Each structure stands twice: as structure tokens, then as C-alpha cells.
1. Does any residue in segment 109-127 that is farther than 24 Å from ALA148 by Cβ come within less than 6 Å, Cβ to Cβ, of a residue that is buried (at least 19 other Cβ atoms within 10 Å of the Cβ) and at pLDDT below 90 six or more places away or on a different chain, and which pairs are these?
2. Give segment 43-69 a look and list any residue that's part of a loop (DSSP other than H, G, I, E, B) and under 17 Å from the mean Cα position of the chain (by Cα), or say none.
3. What single numbered condition from (1) closer than 24 Å to ASN39 by Cα; (2) at pLDDT 90 or above; (3) under 15 Å from the mean Cα position of the chain (by Cα) fails to hold for PHE119?
4. Checking the conditions here, which among PRO85, PRO81 is crowded, with 19+ Cβ neighbours inside 10 Å, modelled with pLDDT under 90 and outside any helix (DSSP H, G or I)?
5. Out of all the residues in segment 110-128, is one or more assigned to a strand (DSSP E or B) and surrounded by fewer than 16 Cβ atoms within 10 Å (Cβ to Cβ)?
6. Give me the strands (runs of 3 or more DSSP E) completely within segment 148-205, filtered to those with at least 3 residues that are modelled with pLDDT of 95 or more and surrounded by fewer than 18 Cβ atoms within 10 Å (Cβ to Cβ), ordered by residue number.
7. Would you pick out the residues in segment 96-125 that are closer than 12 Å to LEU43 by Cβ, in contact with a strand residue (DSSP E or B) (Cβ under 6 Å, 6 or more places away or on another chain) and not hydrophobic (A, V, I, L, M, F, W, C)?
Amino acid sequence: MFKAQGAARLSAPDIGQLVYRSPGLQLIFERISSGDKVNILDLGPPLSSNVEFFSSYHCRLYIADLLQSLPLVDTYWAESPAFSPMFPELLDFDESEQFDIILGWDIVNYLSEDSIRRFSRFIARHTKADALCFFSLLTHKEMAVQPAIHRILEEGSLHCEQHDCGSCASPRFTQSRLLELMKEFQAHRSFLLQNGRQEQVLRIR
């Protein structure tokens, strides 16, 4: 069965574009292609092209668009230490919902460290024991104020759209720091890409 929750939409015209091979995403699709039905939580925007891509697989897709649900304070989310997102309210799926795949994209780059800790505790309750969680960390000193939009072109290939919206300091999380913040998870695979991204695939402890 395939089910997408959240209206699919196209992104606004992009300024910067980059197509690259994503070994982390390829690992995710090896799991999706196993033949078993999988529940997928996509924390990115509801792109019609991604919804169509997943429709050819035996899966149930839940689209959360989490970053667009968070209140934007000043220039970007992590600059508001008083901001305390209520993840149970923003991610309003059923309490008993369990996911096999979490597509976090670059969400952790735009949350404060305290918010990442709360996010980790919340999402761990909805993650199956053998689930895979995909995140893309930025290694450059600066990053765009708004997160990139990731379009899946094929298994293991991404089209990254980045709007010309200004820049801010990047948290430049290392794998060890991310795991310190997300104590409920452990490293599964890590890939350092030439485009300044470090892909992390995590599993629940």
C-alpha cells in the first residue's frame, strides 16, 4: 500500500542547483527495495516528484514538512535559544505509529542543540528497532538561511535546490557531536561527500 499524507507541491524556482550521488540515500533505497512493506517518515516538504517516485514502492509515506512548521525567529531557527518546538504537536501522527525509514535531510543543521535532543527523544519512540534514519550534515563554515530542497532523481541520486536567501553560520556538526545530542541513536554508516555534505545513516540503540 502507498499512502502520502500532506499535499504534494512543487518548489519555488531555485537559484542554486546541484545534482550529486548520495550513497546514504542509496543505502536507504536498498532497504526500501527489499520487498517488505515499509513506513517512511519524510521530514522535508511534500514534493510531487518525490511522492511519485515513492509510489512505485511497497511503502506508506508520511510527509511532515517539519522545518516549515517551525516558527522562524530572526534569521534562522537555531538562533533562538528560547524556542522550544513541541514535536508531538508538529508531528501529529498517531502515537502508535512506527517507522522503518526516517528522511531527516538537513533538518539538524537548522535546530538548536537542545531542540535536537528533544527531537531525538520524540522520534525514537516512533522508530522501529531495525529502522534507518538519514541526515545530511553541512561541513562548510556558512550555510544558507533556508534549508535546501532535495529532489530524488533516482535511487541514490539527488537534485539539491538552494535558494539565494542569504547565509548564516553553520553548526558544522561532526558525527560524534550529533550522536552526543541524539543519544537514542547510534552510527550505522557515514559518507563524506565532496560537496561539503556529510551523510549520516543512524539506527536506534
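The values are calculated or read from the model by the stated rules, or taken from the named source; none is laboratory data. It should be emphasised that the depicted structure is a prediction, and the values quoted were computed from it without experimental measurement. Cβ sites come from the backbone with ideal geometry, for glycine too, and all protein chains shown count toward neighbours.
1. Once the first residue is farther than 24 Å from ALA148 by Cβ and sits in segment 109-127, no partner that is buried (at least 19 other Cβ atoms within 10 Å of the Cβ) and at pLDDT below 90 comes close enough.
2. LEU43, GLY44, PRO45, PRO46, ALA64, ASP65
3. It is condition (2) that PHE119 fails.
4. Going through PRO85, PRO81 in turn, the sole match is PRO85.
5. Within segment 110-128 (the criterion being assigned to a strand (DSSP E or B) and surrounded by fewer than 16 Cβ atoms within 10 Å (Cβ to Cβ)), the answer is yes, since at least one residue qualifies.
6. Of the strands (runs of 3 or more DSSP E) lying wholly inside segment 148-205, those with at least 3 residues that are modelled with pLDDT of 95 or more and surrounded by fewer than 18 Cβ atoms within 10 Å (Cβ to Cβ) span 185-192.
7. GLY104, ASP106
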